[in-house]
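Below you'll find the structure I mean.
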Amino acid sequence: MKYENYDPSFPDQPVVDLYLPLWSKLPAFRFKPAFIWVEDDSANENKSSVLTYAQLNDSVQSISSQLLLPLQRSDTVVILCPPGLELVEIIFGCQRAGLLSIPMFPPDPSFAKENYHHFVRVLKQTKPKAAIAHQDYITSVKKYISSSSNNRNLAEMLQKLRWISTDDIKGKWVYSHTDTSSVYNGSKPEEVYLIQYTSGSTGIPKPVLVTAGSAAHNVRTARKAYDLHPNSVIVSWLPQYHDCGLVFLLLTVVCGATCVLTSPAAFVTRPRIWLELITNFKATCTPVPSFTLPLVVKRGGIDKGISPINLWSMRNLILINEPIYKSSVEEFVDLFKPFGLNPSSISPSYGLAENNTFISTAWRSNDSFTSFQNIPSHKKLLPSARLPSGYEEDEDMEIAVVNEDTHELVPDGIEGEIWVSSPSNAFGYLGHPFLSREIFQARLGNISGRCFLRTRDRGIVRGDERFLFVTGRCSDVIKLANNQEIHPHYIETAAYKSCPEYLRGGCLAAFEISRTIAVVAEMQRSEKDTGVLKIICQKMKQAILKEEKVEVGLVILVKGGNVPKTTSGKIQRWAAKDKLIGGKMGVVMEMRFDNNESILLSSTHTSGEGRRRDKTEERNEVSLSGSSHQSRPSLLSLL
């Protein structure tokens, strides 16, 4: 693939960190903001801090030098810093020191909450030598270690780590001649520099080994795809630890652009901040999960803020987290066109952790299909990518749609598993050699040739323009009685639309329990009227039958926050199923429908979250048909 360079004397670099000293020496970039952090305070006033390219390069050099005093090159470190500019500096500092880093959101140091299990998984699987954190956090961790009443196994793992305070590695300037012509001692292109965990949307998160060279290739590919350049201004509230949030840190540096950052918590608390940042900084690019659009339509508070909204500058509104529904995008575009949003800025895209995140986008610059209204749809979905046509070639990357069983290519118009062959492919999964071989070294027709990455996503290519529609996950597909299949997101969407005033959008999970299709839905607010709850369950079932011609056998309404999600907002259907079977859902009401709907049985749960059904709850069941009381089997009996 040929990449566009913005200066003939400024060639592309083999690793991302090597761009920093080059930018910092150019007069036009030395004092240019590389990253801007915006804090949203309680008064809705945005307070910002700036990190220029020169400051970032100097800080990275200092941090890398300090890290190599207690550590050795290639050591593994876990980064436990909150979102912010300091996290950006440390991520790049670890790369320049040649360390293998695992950035992650720091769990509560009391370890009393349920948010530390992933941290334990990381410690067991990656066996880091050290952890980098704020001094206050380290003090709390050491207090936990010294307490005899705590989890001793966890305490021992924490004690084995060398704890490095950010105070000890920042601000201690060490002179170093960062001439790019000299030997670079940071991470080499072929070396693993990052462990990026998968999202966990289809199973327990797995550690992906990312080389510095594949990461650089990936962001250069994205730079070309979105036509980004030094004048680009990026706005991102995504988590900075992995996936798209991390990649856009790298992409900013490769482009010589400016990236305006805020925290995911700031966006969730006040979605309008996203619109304000685009307006105030005249942003040209912003990556967001597809659920962002309906959330902002509902809670954006267009008329509530002090400052006006103006989106005229936006050139790439990048949508991730497929599938992407056309209706939700249309609703967003219709609402914000009067505020300057250009429909041609909508950029549906596709990626995953095993390919460093970015794979492709359906957006093209200066193209007749660029306008959002001209992009075709397939079964209510927008395409997430475009494959090369017969007259186009991309010798660098190949995307194929393959029969999952035979590993043969399927014709355009037939759904299959999406495979990707690219220098951006990651190295494999840490500690999973057999799975790595299966996923990262697949071959078409099992014959010799280039290796492919199996994405385990379903997709279909349609039209002369060869748009790729990502239809769902292979493991989530629900088999129907008529030998047909359906992706659960269609069921979830139909269920939500039946009662949007009661249900939380994007917080439903559909799955199969022993040939019975179940739907779990979070309630927006507490509702104690049993009659209302019954009507909601019935309307959900009827809407799914009408819209998708699918019979649902079990509807469960639960309290808010009970449907498991990944950090990027993807529904974890496998985890929702396990949680429901294990009796750990905060169930408000269950309703089971028999095959001919002659009897509808329901039960309400007003308390007892996290426990299985008991005899009292069995006695509280009611029959909606008016017949005498009948006991219903528990969820376990459905297995």
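The values are calculated or read from the model by the stated rules, or taken from the named source; none is laboratory data. Computed from a predicted model, the values in this text were never measured in an experiment. As a convention, Cβ positions derive from the backbone with ideal geometry for all residues, glycine included, and neighbour counts pool all protein chains shown. The protein model used for the area step is the full one, side chains on, heavy atoms only, and it has no ligands, DNA or RNA in it. Shrake-Rupley method; radii C 1.70, N 1.55, O 1.52, S 1.80 Å.
Order these peptides, 129-136, 418-425, 87-94, by their mean beta-carbon neighbour count within 10 angstrom, highest first.
Answer by packing, highest mean first, reads 87-94, 418-425, 129-136.
What lysines could a cross-link reach from LYS549, if we take a straight Cα to Cα line under 17 Å and drop same-chain neighbours fewer than 8 places away?
Once the sequence-local lysines are set aside, what remains near LYS549 is LYS379, LYS380, LYS479, LYS497, LYS539, LYS541.
Apply the Debye scattering formula to the range 375-500, with a single equal point scatterer on each alpha-carbon and no solvent, then give log10 I(q)/I(0) at q = 0.09, 0.15 Å⁻¹.
-0.30, -0.79
Apply the Karplus parameterisation 6.51 cos²θ - 1.76 cosθ + 1.60, with θ equal to phi minus 60°, to every residue of the range 211-226 and state each ³J(HN,Hα) to the nearest whole Hz, in sequence, with x for glycine and proline.
Whole-Hz 3J(HN,Hα) from phi for the range 211-226: 8, 5, x, 5, 5, 5, 4, 5, 6, 5, 4, 5, 4, 5, 4, 9.
In deg cm²/dmol and to the nearest 500, what is the mean residue ellipticity at 222 nm of the chain if only DSSP H runs of at least 4 residues count, each as -39500 (n - 2.57), divided by the residue total?
Mean residue ellipticity, 222 nm, calculated: -8500 deg cm²/dmol.
So if I place +1 on the C-beta of Lys and Arg and -1 on the C-beta of Asp and Glu, and nothing else carries charge, what would the dipole magnitude of the range 231-320 be about its Cα centre? I want it in debye, nearest 20.
220 debye
Just the number please: accessible area per residue for the chain, 1.4 Å probe, all protein chains included, in Å².
43 Å²
Roughly how many Å is it from the Cα centre of the range 515-561 to that of the range 427-505, as a whole number?
About 25 Å separates the Cα centre of the range 515-561 from the one of the range 427-505.
I'd like the Karplus ³J(HN,Hα) series for the range 286-299: coefficients 6.51, -1.76, 1.60, θ = phi - 60°, whole numbers in Hz, and an x wherever there's a Gly or Pro.
Once θ is set to phi - 60°, the couplings for the range 286-299 become 8, x, 9, x, 4, 5, 4, 4, x, 5, 5, 4, 7, 10 Hz.
Per Stokes-Einstein, at 37 °C and 0.692 mPa s, what whole-number D in µm² s⁻¹ belongs to the range 301-354, with the Kirkwood radius over Cα pairs as the hydrodynamic radius?
261 µm²/s
Which lysines, on any chain, are close to LYS160 with Cα under 24 Å apart, when same-chain ones fewer than 8 places away are left out?
LYS160 reaches LYS113, LYS124, LYS127, LYS129, LYS142, LYS143, LYS170, LYS206.
Further question on the same structure: Which value in Å does the Kirkwood hydrodynamic radius of the chain take, with 1/r averaged over all unlike C-alpha pairs and then inverted?
Final number for the Kirkwood radius of the chain is 26.2 Å.
OK, next. Considering the Cα positions of the range 97-213, please state its Rg to one decimal place and its Dmax as a whole number of Å.
16.9, 55
What number, in percent, do you get for the relative contact order of the chain if the mean sequence gap of Cα pairs under 8 Å and at least 6 apart is divided by its residue count?
That works out to 9 percent.
Can I ask one more? Please list, ordered by chain and number, the residues whose modelled amide H lies under 5 Å from the amide H of ALA385; skip anything fewer than 5 residues away on the same chain.
The list, which skips near neighbours in sequence, is ALA362, LEU468.
Counting DSSP beta bridges with both partners in the chain, what percentage is antiparallel, nearest 5?
Roughly 65 percent of the beta bridges in the chain run antiparallel, per DSSP.
Among DSSP beta bridges whose residues both lie in the range 147-287, state the antiparallel percentage, nearest 5.
DSSP beta bridges in the range 147-287 are roughly 50 percent antiparallel.
Sticking with this one: I'd like the carbon and sulfur percentage of the solvent accessible area for the range 466-597, probe radius 1.4 Å, heavy atoms only, ligands and nucleic acids excluded.
46 percent
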